[in-house]
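The values are calculated or read from the model by the stated rules, or taken from the named source; none is laboratory data. What you see is a predicted model; the values in this text were computed from it and never measured. Because the Cβ atoms are built from the backbone with ideal geometry, glycine has one as well, and the counts that use them run over all protein chains shown.
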Amino acid sequence: MDVRKIFREISQKLSSDFRSSEEIKHSGSKGSFRENALKDFLQNGRLPKRYAIGSGEIVGPNSDISKQSDLIIYDALEGIPLLYSETVQVFPIDCVYGIVEVKSKLSKNKLMESLENIKSVKELSPALLQKKEMPIPFGAIFAYSLSSNSLKSLVANLRDWESKVSPALWPNLIAILGEGIIYHTNNENDECIHAHEITNCTSPIYIAYQNDALFHFYSSLLDLCSGLRLSTVKILKYLDLPKKIGQYFVSHNTRFLRLEDGSFDTKAVYRLNIHFIEKIVTWCKKAGPITERKMLSRVFGQIPVGTKKESLEEALYFYNPDDLPGMEAKDFNDIFFNNNKGRINTKIPMCVPLNFILVNNEVYYFPQSYVTDNDIEIIPGKKFDDL
């Protein structure tokens, strides 16, 4: 069997179909045609069953959303799309291997557009945002033809773009059907297509494979997919993704209600504003972290029943600049009273009730006594019934 001949014939078929699509006048239909042609080629038994292909947007761990991606290769066995329909698809970053941007003619402008799309996906990776040991999704570009340019000029354009961008956000592979492949090499002229291989010490080059470009694109794509080990998607965390407030990514900050005359105002839902968040973070960073054991003992006078033992030594921050008393300070009858509206209040500011938020993936506890009307803001569009 002549594998080279098989792929050359497939390449010719894709090129022929692309030329036929030039007769399609509607740009959206033409774009769908070129994307579906490559998608059909890959899905027709050429990608292992673990890999599925969709299109749309990708959601990161901080509620950030990527630009629209032409082809998204995701985990078909354990991946869970957050939204999947014929027209709208949204995937959590955890189940995404990478994306392929598909272009009719790869002009300089289309190259820049594709690079920015790839950058928007890679920026979502927890490996970059939270310094975690997790894979960075790959980004590839596939074009049916060149514009009024060359592989050499595309490499020059790519070098210029990469000079202003971190290597972690560079593309892994660029292929032009019937022309060649662009990838990175190191000082030993090794082919570098995986994220951990692409560094400031690598630079892009091109090889004019011509009719064999499709085969080299396909084999490299398989390498990129098989080189990534994704973590299990924890869908629960997507119910309360962090939101960017000022310079911070904050979660568990969407369920505050305001008291009016001793009763909850059910007309709006609130969150802590940037002023209060900055006040908490600044004081806590100066005071330093403490263990959960110490915080619980300080607030309740003992470790509450049901507390997981494995969490007691975990570090957290506890905002209490006025050293408010905990529940062991006085007899309950001296410090609690019923306001006759079904709500128990305290006669003096105390460490209870206790709340917490996550800021940049760190836990900050704070007594409710510190929160005033000036520290909260309405969450637009969120209602009491949404809680």
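Listed by first and then second residue, the pairs with beta-carbon distance under 7 Å, at least 6 apart or on different chains, first residue in the stretch 216-241 and part of a helix (DSSP H, G or I), second surrounded by fewer than 15 Cβ atoms within 10 Å (Cβ to Cβ), are Tyr218/Arg46.
For the stretch 137-147, the criterion of being surrounded by 15 or more Cβ atoms within 10 Å (Cβ to Cβ), aromatic (Phe, Trp, Tyr), at negative phi and assigned to a loop (DSSP other than H, G, I, E, B) is met by none of the residues. Within the stretch 338-364, which residues are at pLDDT 80 or above and farther than 21 Å from Leu241 by Cβ? Across the stretch 338-364, the qualifying residues are Pro349, Met350, Cys351, Val352, Pro353, Leu354. In the stretch 220-237, how many are surrounded by 13 or more Cβ atoms within 10 Å (Cβ to Cβ) and of a type in the set (S, T, N, Q)? Counting residues in the stretch 220-237 that are surrounded by 13 or more Cβ atoms within 10 Å (Cβ to Cβ) and of a type in the set (S, T, N, Q) gives 2.
Return yes when Arg293 is outside the structural domain of Ile80 (by TED's automatic domain parsing) and buried (at least 16 other Cβ atoms within 10 Å of the Cβ) and no when it is not. When the stated conditions are applied, Arg293 does not pass them. Filtering the stretch 150-168 to residues that are part of a helix (DSSP H, G or I) and either touching a residue at least 60 places away in the same chain (Cβ under 8 Å) or farther than 27 Å from Ser125 by Cα (or both) leaves Leu151, Lys152, Ser153, Ala156. Looking only at the stretch 319-337, decide whether some residue is within 25 Å of Pro242 (Cα to Cα), modelled with pLDDT of 80 or more and assigned to a strand (DSSP E or B). No: the stretch 319-337 contains no residue that is within 25 Å of Pro242 (Cα to Cα), modelled with pLDDT of 80 or more and assigned to a strand (DSSP E or B).
Looking at the stretch 103-113, is at least one residue of a type in the set (Gly, Ala, Ser), closer than 21 Å to Ser32 by Cα and crowded, with 22+ Cβ neighbours inside 10 Å? No, that holds for no residue.
Mind checking whether some residue in the stretch 175-195 is within 24 Å of the chain's Cα centre (by Cα), closer than 30 Å to Glu278 by Cβ and of a type in the set (Val, Ile, Thr)? Scanning the stretch 175-195 turns up no residue that is within 24 Å of the chain's Cα centre (by Cα), closer than 30 Å to Glu278 by Cβ and of a type in the set (Val, Ile, Thr). The condition of being farther than 30 Å from Val100 by Cα, over 31 Å from the mean Cα position of the chain (by Cα) and of a type in the set (S, T, N, Q) holds for only one of Thr291, Thr282, Thr254, Thr266, that being Thr266. Does Val88 satisfy the criteria of being touching a residue at least 24 places away in the same chain (Cβ under 8 Å) and surrounded by fewer than 16 Cβ atoms within 10 Å (Cβ to Cβ)? For Val88, the condition - touching a residue at least 24 places away in the same chain (Cβ under 8 Å) and surrounded by fewer than 16 Cβ atoms within 10 Å (Cβ to Cβ) - is met. Per the conditions (1) within 16 Å of Leu224 (Cβ to Cβ); (2) surrounded by fewer than 18 Cβ atoms within 10 Å (Cβ to Cβ); (3) within 15 Å of the chain's Cα centre (by Cα), the sole criterion not satisfied by Ser69 is (2). When Lys244, Lys164 are checked against the criterion of being more than 21 Å from Ile99 (Cα to Cα) and modelled with pLDDT of 90 or more, Lys164 stands alone in meeting it. Counted as qualifying within the stretch 40-113 are the strands (runs of 3 or more DSSP E) with 3 or more residues that are outside the structural domain of Asn360 (by TED's automatic domain parsing) and more than 30 Å from Tyr248 (Cβ to Cβ), namely 51-59, 69-75, 96-106.
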